[in-house]
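For reference, the structure discussed in these notes is given below.
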Amino acid sequence: MVKTKQAEIFVNDDGQIINQKEHLLKLSDLKNKMIDTYQDTPLTTLLWSVGGHEVYDYETEIGERIGNGYENPDESTKIRAANLQSLIDECGGPVTGLSKLCHEAGIKFFPSLRMNEHYEIDVDSPKYGRFRRERPDLLIGRPGEKLEKGTLEHGIRTGMDFAFAEVRNHRLSIIAELVEKFDVDGIELDWFRHPAFFRVEEAYDNRHLATDLIKKVKDKINHVIESTGRDVKLAVRVPPTLYDSARIGLDVEEWMKKELVDIVIAGGGFIPYSTPIDEFVAIAKNTGIKVLGCIERLRPTKDNDEVRGIAYQYLSKKSDGIYLFNYHSIDTEWKHSMLNEIGSLDNLK
């Protein structure tokens with residue numbers, strides 16, 4: 001019997017360790033509580049969320065660091081800011097430290113950038129971000145616009161509107177810093193947390209604007225590759241179908257056909273049995289693009305058999321691997337047993 005190839009295993013860590021309260025965060029904490037938990041597993045790539053709502057938990061020189069400029073921040077902001085500063089003082093910062101630790105462990109490291117969070121955050125909170133507070137005219141919901149609660153339009157109103165060049169340029173500057181300044185193996189642009197980038201009625205017609213941003217990101221990455229010799233990949237997490245991606249303004253089919261991306265994570269894992277992973281796989285055929293299926297811990301994966309079933313669903317349709325979201329905090333024993341199982345279609349069979 002011909003053996004199937006080992007699947008790519010990606011784990012997205014949402015950065016919760018920056019909230020550690022026991023003591024100031026140290027590089028040893030990142031090693032012991034994060035990297036070492038994947039020892040002897042087939043994990044290929046660790047992704048680490050660098051923050052959200054345009055407030056960052058890493059050593060950025062151009063973005064807004066958590067807590068900067070606030071005289072009396074709330075307790076959780078104080079903790080995040082102190083932990084960030086502790087890591088900056090010790091090792092340069094979390095992105096610098098995690099990249100070093102991952103490479104020592106033989107794991108690839110990607111910072112993960114949430115492209116447009118829409119969480120309900122008080123506008124005066126340090127977690128809201130000055131970019132949105134100071135430029136409400138650049139948000140999906142216009143200043144003074146009355147929107148009915150419970151509607152889609154109300155839910156996405158505080159997100160940035162990518163129809164504006166200022167928004168796209170702001171995003172590009174953060175992305176460029178992450179791939180140019182740090183020794184990373186790639187970057188994930190998380191277009192699924194959360195999936196709205198334009199006003200609803202304008203999204204489909206504006207998809208060329210998101211494509212233009214992707215082209216500029218790819219150009220930045222290609223320049224890094226050419227000037228440094230590093231191998232840097234562009235990963236995107238997108239809605240679970242090509243139709244839904246285009247509907248909200250993301251022409252993922254175009255991105256793949258023109259090979260503007262290297263890795264596509266299909267969906268958020270909420271409808272795994274209905275996700276047409278094979279439509280992404282078909283477009284990626286005869287290219288170097290890898291397609292991964294997403295498994296979300298919170299739903300619908302009620303037990304390990306569910307995880308196995310979803311992984312089998314993806315791998316049997318010739319996807320290149322599995323992407324786990326919200327699994328970073330699960331116990332080490334689970335990682336050792338389940339990652340080895342879902343990393344191989346033969347093991348799943």
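The values are calculated or read from the model by the stated rules, or taken from the named source; none is laboratory data. Values in this document were obtained by computation on a predicted structure and should not be read as measured data. For neighbour counting, all protein chains shown are included, and Cβ atoms are generated from backbone atoms with ideal geometry for every residue, glycine included. Note: accessible area is taken over every heavy atom of the protein model, side chains too, but ligands, DNA and RNA are not part of it. Shrake-Rupley method; radii C 1.70, N 1.55, O 1.52, S 1.80 Å.
Observations, loosely collected:
- Checking segment 201-223 against the condition returns no match, with no residue being modelled with pLDDT of 95 or more, open to solvent by 10 Å² or more (accessible area, probe 1.4 Å) and part of a loop (DSSP other than H, G, I, E, B).
- Tally of residues being open to solvent by 10 Å² or more (accessible area, probe 1.4 Å) and in a loop (DSSP other than H, G, I, E, B) across segment 146-180: 11
- Among residues of segment 90-100 being part of a helix (DSSP H, G or I) and open to solvent by 10 Å² or more (accessible area, probe 1.4 Å), the one that is nearest to Phe182 (Cα to Cα) is Thr96.
- Residue within segment 224-233 that is in contact with a helix residue (DSSP H, G or I) (Cβ under 9 Å, 6 or more places away or on another chain), under 19 Å from Glu117 (Cα atoms) and touching a residue at least 12 places away in the same chain (Cβ under 8 Å) present: no
- Among the numbered conditions (1) out of contact with any strand residue (DSSP E or B) (no Cβ under 6 Å at 6 or more places or on another chain); (2) of a type outside the set (Asp, Glu); (3) part of a helix (DSSP H, G or I); (4) open to solvent by 20 Å² or more (accessible area, probe 1.4 Å), the only one that Val281 does not meet is (1).
- Residues of segment 246-265 that are of a type in the set (Val, Ile, Thr) and in a loop (DSSP other than H, G, I, E, B): Ile248, Val261.
- Sub-7 Å Cβ pairs linking a first residue in segment 296-321 that is exposed (fewer than 14 other Cβ atoms within 10 Å of the Cβ) to a second residue that is part of a loop (DSSP other than H, G, I, E, B), at least 6 apart or interchain, are Leu298/Asn326; Arg299/Phe270, ordered by first then second residue.
- Put simply, of Gly293, Gly288 the only residue that is in contact (Cβ under 8 Å) with a residue 24 or more places away in the chain and in contact with an Asp or Glu (Cβ under 8 Å, 6 or more places away or on another chain) is Gly288.
- Residue within segment 105-113 that is at pLDDT 95 or above, of a type in the set (Lys, Arg) and within 29 Å of Arg199 (Cβ to Cβ) present: no
- In segment 105-145, the residues that are without any contact (Cβ under 8 Å) to a residue 24 or more places away in the chain, in a helix (DSSP H, G or I) and open to solvent by 60 Å² or more (accessible area, probe 1.4 Å): Arg133, Glu134, Asp137
- The residue pairs whose first member lies in segment 148-173 and is within 20 Å of Thr211 (Cβ to Cβ), whose second member is buried (at least 21 other Cβ atoms within 10 Å of the Cβ) and of a type outside the set (A, V, I, L, M, F, W, C), and whose beta carbons are closer than 7 Å, counting only pairs six or more residues apart or on different chains, are Gly159/Asn116; Met160/Asn116; Val167/Asp161.
- Odd one out for Asp183 among (1) open to solvent by less than 60 Å² (accessible area, probe 1.4 Å); (2) under 26 Å from Ile322 (Cβ atoms); (3) of a type in the set (Asp, Glu): (1)
- Residue that is of a type in the set (A, V, I, L, M, F, W, C), outside any helix (DSSP H, G or I) and open to solvent by less than 30 Å² (accessible area, probe 1.4 Å), where the choices are Leu87, Leu30, Leu47, Leu24: Leu47
- Within segment 284-295, considering residues that are in a loop (DSSP other than H, G, I, E, B) and surrounded by 13 or more Cβ atoms within 10 Å (Cβ to Cβ), the one nearest to the chain's Cα centre (by Cα): Ile289
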